[in-house]
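In what follows, a single structure is set out as structure tokens and then discussed.
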Ligand code: PEP
Ligand code: MG
């Protein structure tokens, strides 16, 4: 019997655990673990069984001494065999002659017969069973009396590591991530959720990871060929994206392509295959290793990478098995996914998906805005039954009303079909065929009005141009940053901004500097905050990061050379901040001129009014700012201290509120008295009642999403300034929400009767704080 030293064993195991996450895979770690323990405790066999919660089974994950081909295949119920007993009763089991025990379960081909002496200790963390560590000996006398204590210490020492390992196994084995296999299937009914965009989709449900391949299918080509083919497919996909979404294409696919050149990733797959591994196993183990490492880093950027790795692994595996590349098409399908990242959404859009459901409540605002820009019906739901819907079920994604209907009855389906048809017809019509904003645009009494478009992507600027917008009122510059999850260089930004300017030739473009923070986070750079909406947002962040600010301003100024551009700053809270931002512009102009780089030398500089304090200092700001742009999405949230993504207070978030209306009137009066232009770029500019109010208080300039341009122009044409003035006065005289409600309903009904009923639909949160209140 070998002498053993308990402390040495713990040290040895600690060393192994440290390696986990740095250079060993989970499988390697477990294998090293059982070998180390067996050696230290003088056992012929050491095995680890981990509990699979979803399957409610104990699974053999590593063994030294038993048949390795049965790893993952030996599965025991709780209480089954001696191992199952140790787990069930949460107490060690020691049997000197296992075969003689009534509890024993003989497992064919496992090779236990030669090792009759058995010692098993449960692994638990808090109250949760994680698995069982077992030792087996040829001779009963070989069991060192101290082995039991050593093994128990070890089991408690390793519990949290093994808990993570067990979770990873479940993650890898789950065919459709998040699909609880034991839950009763949800075959028909309604899931309530929150809309991230608008529209309705009908389709067959497919889980995003449901594309995971059948590992048992035969290999048809070499690993090298499969990798090469994967790279070619991605390049083609990137090229296709490039046509329609030039600004986001590169940022999304470049990381995939990069991984396909990475020696530690694909190189390792090739090496494993050369060493004799089955290529499918090689792909699986490298992908599992990489995605685990990424997933373990508590930063959403890396979680996204973990998804990328799995996506890539699936592609290589499909190519190995020469399966049809199904990437091209989700036509007729609705996809369900756990987390929805901007890049995933763009990919799905390119794959012609009809609609998307994701798990969780509200979408982050960038996902919501992207979904809007892509005209994709997207609903988020916190209902866990989402993942119990059998894939292949027919579903309706109703992003007009924030719900998902599974296996709708005939009548419901017909009603939805009738609603979807006009939407589809409209979206299929090319922009040239759609109704356009008339030029010139006037109110009913002939007063000239300006209708601009909000743009998030280059694609939106193109649509805006085709739909007759008089320019871009608000270009949200954060999108390339969010999609890339990092900071693009000055050159990269320049090429995107130039495309925006060129998309709408001869017309003004209003750039907004980076508005990160709140729910638009590059978390690795920005860190977590308890109250992100009251935190490091917008101009605050930029003024603190002068290099980034300068890169962005230089890119905007260069792109604006020879064009009519303006620059507005988000979340301005004081004249001091405005001055500091203006200084940065002057410095950037001077630097570009010094360097002889052509640029716009004197863009109009504006303030976004998004904070209550900004209203109070409007007169001072108006002496120095060239224009004002009211961001009601944020302004209302801050004025009423109500986050509309929080369903408890969402009904409190409303533009038609005496306090909000009076503040807007005061602001507008002061800005106009100072002779400065003022416009509204928040979603309230799409609400008929608010449009009447705005015209009534003197605002004649609006910026709305491209998809709403025509609708808004029609409403504006139907209002005369005299009537608007009268209505605004009435609204301003109301002291209660109730009184206001009556006035507003009548206006909405008159100006947009077809949409006046289900307001809730469209308050339907295109993200946090967006949508008319
Ligand atoms: C706003 O707050 O109204 C606005 C237009 O900015 P964003 O929606 O990008 O926050
Ligand atoms: Mg805002």
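The values are calculated or read from the model by the stated rules, or taken from the named source; none is laboratory data. Nothing here was measured: the structure is a model prediction, and the numbers come from that model. Note that we place each Cβ from the backbone using ideal geometry, even for glycine, and neighbour counts take in every protein chain shown.
Take segment 657-675 and flag every residue that is surrounded by 24 or more Cβ atoms within 10 Å (Cβ to Cβ) and either more than 22 Å from residue 704 (Cβ to Cβ) or away from ligand 1 (no atom under 16 Å from the Cβ) (or both).
Result: 671, single match.
Report, by residue number, each residue of segment 602-614 that is surrounded by fewer than 18 Cβ atoms within 10 Å (Cβ to Cβ) and either outside the structural domain of residue 565 (by TED's automatic domain parsing) or in contact (Cβ under 8 Å) with a residue 40 or more places away in the chain (or both).
First, pick out the residues of segment 602-614 that are surrounded by fewer than 18 Cβ atoms within 10 Å (Cβ to Cβ): 602, 604, 612-613.
The answer is 612, 613.
Tell me whether segment 33-56 contains one or more residues that are within 16 Å of residue 107 (Cβ to Cβ) and either without any contact (Cβ under 8 Å) to a residue 24 or more places away in the chain or outside the structural domain of residue 156 (by TED's automatic domain parsing) (or both). Reasoning before the result, please.
Of segment 33-56, the ones within 16 Å of residue 107 (Cβ to Cβ) are 45, 47-49.
Pick out the ones that are also either without any contact (Cβ under 8 Å) to a residue 24 or more places away in the chain or outside the structural domain of residue 156 (by TED's automatic domain parsing) (or both) and you get none.
No, segment 33-56 contains no residue that is within 16 Å of residue 107 (Cβ to Cβ) and either without any contact (Cβ under 8 Å) to a residue 24 or more places away in the chain or outside the structural domain of residue 156 (by TED's automatic domain parsing) (or both).
For segment 73-93: of the residues being surrounded by fewer than 21 Cβ atoms within 10 Å (Cβ to Cβ) and touching a strand residue (DSSP E or B) at 6+ places or on another chain (Cβ under 6 Å), which is nearest to residue 146 (Cα to Cα)?
Residues of segment 73-93 that are surrounded by fewer than 21 Cβ atoms within 10 Å (Cβ to Cβ), as a first pass: 73, 75, 77-80, 88-92.
Still in the running and touching a strand residue (DSSP E or B) at 6+ places or on another chain (Cβ under 6 Å): 75, 90, 92.
Details: 75: 29, 90: 19, 92: 13 Å.
The selected residue is 92.
Identify the single condition in (1) more than 22 Å from the chain's Cα centre (by Cα); (2) at pLDDT below 85 that residue 511 does not satisfy, given that it satisfies every other one.
(2)
Within segment 731-745, can one find any residue that is within 16 Å of ligand 1 (Cβ to nearest atom), at pLDDT 95 or above and either over 27 Å from residue 468 (Cβ atoms) or part of a helix (DSSP H, G or I) (or both)? Give the derivation first.
Taking segment 731-745 first, the residues within 16 Å of ligand 1 (Cβ to nearest atom) are none.
Scanning segment 731-745 turns up no residue that is within 16 Å of ligand 1 (Cβ to nearest atom), at pLDDT 95 or above and either over 27 Å from residue 468 (Cβ atoms) or part of a helix (DSSP H, G or I) (or both).
Keeping to segment 610-632, report how many residues are within 14 Å of ligand 2 (Cβ to nearest atom) and in contact with a strand residue (DSSP E or B) (Cβ under 9 Å, 6 or more places away or on another chain). Walk me through how you get there before you give the answer.
Residues of segment 610-632 within 14 Å of ligand 2 (Cβ to nearest atom): 610-612, 614, 628-632.
Still in the list and also in contact with a strand residue (DSSP E or B) (Cβ under 9 Å, 6 or more places away or on another chain): 610, 614, 628-632.
Selection size over segment 610-632: 7.
For residue 644, state whether it is touching a helix residue (DSSP H, G or I) at 6+ places or on another chain (Cβ under 9 Å), within 16 Å of ligand 2 (Cβ to nearest atom) and modelled with pLDDT under 95. Explain how you work it out, then say what you get.
Details: touching a helix residue (DSSP H, G or I) at 6+ places or on another chain (Cβ under 9 Å): yes; within 16 Å of ligand 2 (Cβ to nearest atom): yes; modelled with pLDDT under 95: yes.
Spelling it out, residue 644 is indeed touching a helix residue (DSSP H, G or I) at 6+ places or on another chain (Cβ under 9 Å), within 16 Å of ligand 2 (Cβ to nearest atom) and modelled with pLDDT under 95.
Out of segment 558-576, which residues are within 16 Å of ligand 2 (Cβ to nearest atom) and either more than 21 Å from residue 634 (Cα to Cα) or buried (at least 20 other Cβ atoms within 10 Å of the Cβ) (or both)?
Within segment 558-576, 567, 568, 569, 570, 571, 572 qualify.
Is it the case that residue 678 is at pLDDT 95 or above, crowded, with 24+ Cβ neighbours inside 10 Å and within 14 Å of ligand 2 (Cβ to nearest atom)?
On the way: at pLDDT 95 or above: yes; crowded, with 24+ Cβ neighbours inside 10 Å: yes; within 14 Å of ligand 2 (Cβ to nearest atom): no.
Here the answer is no, as residue 678 does not meet what is asked.
Quick test of your reading of the structure: residue 671 fulfils all but one of (1) in contact with a strand residue (DSSP E or B) (Cβ under 6 Å, 6 or more places away or on another chain); (2) within 14 Å of ligand 2 (Cβ to nearest atom). Name the failing condition by number.
(2)
Tell me which residues, restricted to segment 115-140, are out of contact with any strand residue (DSSP E or B) (no Cβ under 6 Å at 6 or more places or on another chain) and touching a residue at least 40 places away in the same chain (Cβ under 8 Å).
Correct list: 138 only.
Rundown of residues vs (1) outside the structural domain of residue 552 (by TED's automatic domain parsing); (2) within 16 Å of ligand 2 (Cβ to nearest atom); (3) free of Cβ contacts under 8 Å to residues at least 12 places away in the same chain; (4) surrounded by 24 or more Cβ atoms within 10 Å (Cβ to Cβ), yes/no style:
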{"site": "460", "(1), (2), (3), (4)": "no, no, no, yes"}
{"site": "474", "(1), (2), (3), (4)": "no, yes, no, yes"}
{"site": "487", "(1), (2), (3), (4)": "no, no, no, no"}
{"site": "493", "(1), (2), (3), (4)": "no, no, no, yes"}
{"site": "502", "(1), (2), (3), (4)": "no, no, yes, no"}
{"site": "514", "(1), (2), (3), (4)": "no, yes, no, yes"}
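When you go through (1) touching a residue at least 40 places away in the same chain (Cβ under 8 Å); (2) at positive phi one by one for residue 83, which number turns out not to apply?
(2)
Which residues, taken from segment 471-505, are away from ligand 1 (no atom under 16 Å from the Cβ) and outside any helix (DSSP H, G or I)?
Taking segment 471-505 and keeping what is away from ligand 1 (no atom under 16 Å from the Cβ), we get 484-499, 501-505.
Across segment 471-505, the qualifying residues are 485, 486, 487, 488, 489, 504, 505.
Kindly provide the set of residues from segment 616-638 that are surrounded by 20 or more Cβ atoms within 10 Å (Cβ to Cβ) and either within 14 Å of ligand 1 (Cβ to nearest atom) or free of Cβ contacts under 8 Å to residues at least 12 places away in the same chain (or both), ordered by number. Spell out how you get there, then give the answer.
Keep residues of segment 616-638 that are surrounded by 20 or more Cβ atoms within 10 Å (Cβ to Cβ), which gives 618, 621-622, 625, 628-637.
The answer is 628, 629, 630, 631, 632, 633, 634, 635, 636, 637.
Suppose the filter is farther than 30 Å from residue 220 by Cα and modelled with pLDDT of 75 or more; does residue 358 pass it?
Details: farther than 30 Å from residue 220 by Cα: yes; modelled with pLDDT of 75 or more: yes.
Spelling it out, residue 358 is indeed farther than 30 Å from residue 220 by Cα and modelled with pLDDT of 75 or more.
Residue 594: at pLDDT below 95, closer than 23 Å to residue 495 by Cβ and in the same structural domain as residue 493 (by TED's automatic domain parsing), yes or no? Steps first, answer last, please.
Details: at pLDDT below 95: no; closer than 23 Å to residue 495 by Cβ: yes; in the same structural domain as residue 493 (by TED's automatic domain parsing): yes.
Judged against the criteria, residue 594 is not a match.
Let's see how each residue does on (1) out of contact with any helix residue (DSSP H, G or I) (no Cβ under 6 Å at 6 or more places or on another chain); (2) under 22 Å from residue 220 (Cβ atoms); (3) modelled with pLDDT under 75:
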{"site": "239", "(1), (2), (3)": "yes, no, no"}
{"site": "259", "(1), (2), (3)": "no, no, no"}
{"site": "269", "(1), (2), (3)": "no, yes, no"}
{"site": "280", "(1), (2), (3)": "yes, yes, no"}
{"site": "284", "(1), (2), (3)": "yes, yes, no"}
{"site": "290", "(1), (2), (3)": "no, no, no"}
{"site": "317", "(1), (2), (3)": "no, yes, no"}
{"site": "335", "(1), (2), (3)": "no, no, no"}
{"site": "347", "(1), (2), (3)": "yes, no, no"}
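Just the residues that are in a loop (DSSP other than H, G, I, E, B) and touching a helix residue (DSSP H, G or I) at 6+ places or on another chain (Cβ under 7 Å), please, taken from segment 84-93.
Selection gives 92 alone.
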